[in-house]
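Working notes, beginning with the structure itself.
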Amino acid sequence: MEAESVLVTGANRGIGLEFVKQLVRLPNPPKFVFATYRDESTIEALKEIRDATKDTQVVLVKMDITKKDEVESARKIIEAKVGDKGLNLLINNAAALKMQGFPDITDENLLLHFNTNTIGPVMVLKEMLPLLQKAAALKSGGMNVSRAAVLNISAMGGSITELTDEQPMIFLSAMGYRISKAALNMAMRVIALTIKEQGVLVVNMCPGWVKTDMGSDRALLTVEESVSNMLETLPRLNESHHGTFMRRKGELAQF
């Protein structure tokens, strides 16, 4: 993978933080990694990476993906750094999970998930699209992550096909999360088909059930393994994967 610039949302913990860690350690690391966070008190680990990294400029950017003004401000910061070269890779990672099932589900719970997990990533992509288009225009040929791409961190929990009565009842308690991820998959499918002639690859990927604050200690994968698998998969993607939903090793998944 030879992406010169990468934006990772929700980069202060979990999968996002691990992406930053592994991106700067690549054999040919990005020139810029833009790592976003919401709370200044949560970025010690990011600061350590930034200060220890020589080949990559790690730029910490305060951005709540549900706040339009912060998303716009982040785009201006990124644009000032990358200039006419644009942005090569957007990793839409920031998300929320608050367990609540039916019939206890509230409108507040549903709106929290929809605003963070669906609307947020769509609006971030909308704001960053001109930068992705700039990067895509500099290279010809097919779609790939080194040209211009969007990786949306989705979840198998958002697959309608995969939800059967064989799954443990506890998983149904993530109702708002599941709905929002299913909506994210559809939103990004629509976007992918809308911009298919612009050279910007758009894919949705499930990272697996990962041991993070969100995934819990019961999860099956370490965050290191999950992100490593995704970074190994990304360089293999091309226009045939545009608009698809896949697992972390590249196997296509069902919506």
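Here are a few things to note about the model shown:
- Only lysine pairs 8 or more places apart or on separate chains count here, and in segment 77-204 those with Cα atoms under 23 Å apart total 15.
- In this calculation the C-beta distance from Lys85 to Ser240 is compared with R0 = 25 Å, giving a FRET efficiency of 0.45.
- Label positions at Asn28 and Gln254, each projected 7 Å from the Cα along the C-beta direction, are separated by 3.9 nm.
- Surface accessible to a 1.4 Å probe, Ile195 within the full protein complex, Å²: 10
- For segment 1-99: relative contact order, % (alpha-carbon pairs under 8 angstrom, 6 or more apart): 35
- Centroid-to-centroid separation of segment 230-244 and segment 25-40 [C-alpha atoms, Å]: 20
- Dividing the mean sequence gap of close Cα pairs (under 8 Å, 6+ apart) by how many residues the chain holds gives a relative contact order of 19 percent.
- By accessible area with a 1.4 Å probe, ligands and nucleic acids excluded, highest first: order of Ser73, Ser159: Ser73, Ser159
- Amide H contacts under 5 Å for Gln100: Ala174, Met175, Gly176, restricted to partners 5 or more places along the chain or on a different chain, H placed in the peptide plane at 1.01 Å from N.
- DSSP bridge pairs, segment 1-118: antiparallel proportion in percent, nearest 5: 0
- Among Glu166, Glu239, Glu18, the sequence by solvent-accessible area, most first, with a 1.4 Å probe is Glu166, Glu239, Glu18.
- For Phe171, the solvent-accessible surface with a 1.4 Å probe is about 70 Å², rounded to the nearest 10.
- Here the contact order of segment 96-211, divided by its residue count and restricted to Cα pairs under 8 Å and six or more residues apart, works out to 41 percent.
- Rolling a 1.4 angstrom probe over the protein heavy atoms with all chains in place gives the chain an accessible area of 48 Å² per residue.
- MRE, 222 nm, helices only [DSSP H, n ≥ 4, -39500 (n - 2.57), over the chain, to nearest 500]: -11000 deg cm²/dmol
- Here Lys54 and Glu162 are evaluated by their C-beta separation; at R0 = 45 Å the FRET efficiency comes out at 0.55.
- Solvent-accessible area, 1.4 Å probe, carbon plus sulfur percent, for segment 53-184: 57
- Annotation: for a label point projected 7 angstrom from Cα along Cα→Cβ of Ile170, residues of segment 192-225 with backbone N closer than 16 Å are 209-221.
- Within the chain, antiparallel bridges make up roughly 5 percent of the DSSP beta bridges whose residues both belong there.
The values are calculated or read from the model by the stated rules, or taken from the named source; none is laboratory data. Bear in mind that the values here come from a model prediction, so they are computed numbers and not experimental data. All Cβ positions, glycine included, derive from the backbone under ideal geometry; neighbour counts span all protein chains shown. Heads up: the accessible areas ignore ligands, DNA and RNA and are worked out on the full protein's heavy atoms, side chains in. Shrake-Rupley method; radii C 1.70, N 1.55, O 1.52, S 1.80 Å.
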